1. Give 95/153; 116/172; 116/136 a once-over and call out the pairs whose C-alpha atoms are over 21 Å from each other.
2. Between the helical axis of 125-134 and the dominant principal axis of the chain, each derived from Cα atoms, what acute angle in degrees is found, rounded to the nearest 10?
3. Roughly how tilted is helix 136-157, in degrees to the nearest 10 and between 0 and 90, from the longest Cα axis of the chain?
4. Mind running the shape call on the range 184-326? Use the C-alpha gyration tensor, a ≥ b ≥ c as the square roots of the eigenvalues: rounded below 1.5 for a/c, prolate if a/b tops b/c, oblate otherwise.
5. Excluding residues on the same chain fewer than 8 positions from residue 214, give the lysines whose Cα lies under 23 Å from its Cα.
6. Using the per-residue mean of other Cβ atoms lying within 10 Å as a proxy for protection, in what order, highest first, do the peptides 122-128, 255-261 fall?
7. Name the lysines eligible as straight-distance cross-link partners of residue 308: C-alpha to C-alpha under 17 Å, and not fewer than 8 places from it in the same chain.
8. For the chain, give the percent of accessible area contributed by carbon and sulfur heavy atoms, probe 1.4 Å, rounded to a whole number.
Amino acid sequence: MKKVAILILLVCTILSCKEGSSKNQRLVPQSSGNLYNVNVVIDNDLWKGRVGDQVREVLTTVVPGLPQAEPMFDINQMPPQVFSGFATQNRIVLKIEKGEDEGFKVVSDAFARPQKLVVVSGKDNNQIIKLLSANKDKILETFKNQEIEARQKLTSNSPHVNNNIEKVLGLKLQFPSAYRVAREDGNFFWIRKNLTTGTNNFMIYQIPLTAIDKEGDIIEQVIRIRDSVGQKYVPGPTDGSYMMTEEAYTPFLYNTIIDNKPAYEVRSTWEIKDSYNAGPFLNYMVEDKINNRYVVIEGFTFAPSVSKRDYVLELESIIKSLEINK
């Protein structure tokens, strides 16, 4: 009888714990909103003044490497009084608070999931402006990474599966099923997707580690390699024409990390020799010491007469899904 009583007590305890945990569990709705669109929660008077100017300066930072200036993010401003309900569920939110102690914080999944909320607070306009300026790179990185993850999640709903990339190059790369293999030659792959006004493309191949002299001019070496690949694999509409780096624009060089490996990132514009075709590209050379090589992935867009930001950011999301097999 005593054992039965103890057993009943244990069952009741477990059930009460489960009931309590379910009551305490916070139900967070799914986040929503257009890609690269920030909800900015800020008082209307602040938005019209210097604080609003600083917010716009941060969020409309130009995407590097595009032929025309395009902002990193679109902005949807709203006063705090209407920031409730569905309005709180955007994936990326910047909230400006005046009258509070000075502070900067990044909050994950505050009102929806997944979501990044950046809160900037200060006692006066100068404090807020100073914090926005000092944390510009952090804000951009936080929001951009969130949107890349959102784009990658969309890709995972309909991934391309019929290709030999993993078999030939020993790596995984997730990209949408709307892309097709335009050319496969040994360890070289050219993948493309048709757009209403052109194509979105990426190429992937490998080069030996010795192909890059780290003490030399990295940009010059990257351009030399990509131009030689363009001449071999990406012909233009006329005999002797091919894709090359446009000389009129100065390339941007960054050191970054892909699949926990150091990588060179170069952004600029391409053109077809002896033609008017041109567009932006982003080239990554990922150092793979285990396999004594650089894995090279380059995305490039041909979309005349339309904005190209979203196409380039889609390519970046594909490239950053790279996983090199051990």
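1. Working: 95/153 25 Å; 116/172 27 Å; 116/136 15 Å.
Pairs exceeding 21 Å: 95/153; 116/172.
2. That works out to roughly 50 degrees.
3. 80 degrees
4. Details: a/c = 1.61, a/b = 1.41, b/c = 1.14.
Verdict is prolate for the range 184-326.
5. 261, 289, 320
6. Working: 122-128: 16.3, 255-261: 13.1.
Highest to lowest by the protection proxy: 122-128, 255-261.
7. 144, 193
8. Details: 8610 of 16940 Å².
Summing carbon and sulfur atoms, their accessible area is 51 percent of the total for the chain.
The values are calculated or read from the model by the stated rules, or taken from the named source; none is laboratory data. Bear in mind that the values here come from a model prediction, so they are computed numbers and not experimental data. Backbone-built Cβ (ideal geometry, glycine too); neighbour counts: all protein chains shown. Side chains included, ligands, DNA and RNA excluded: accessible areas come from the protein's heavy atoms. Shrake-Rupley method; radii C 1.70, N 1.55, O 1.52, S 1.80 Å.
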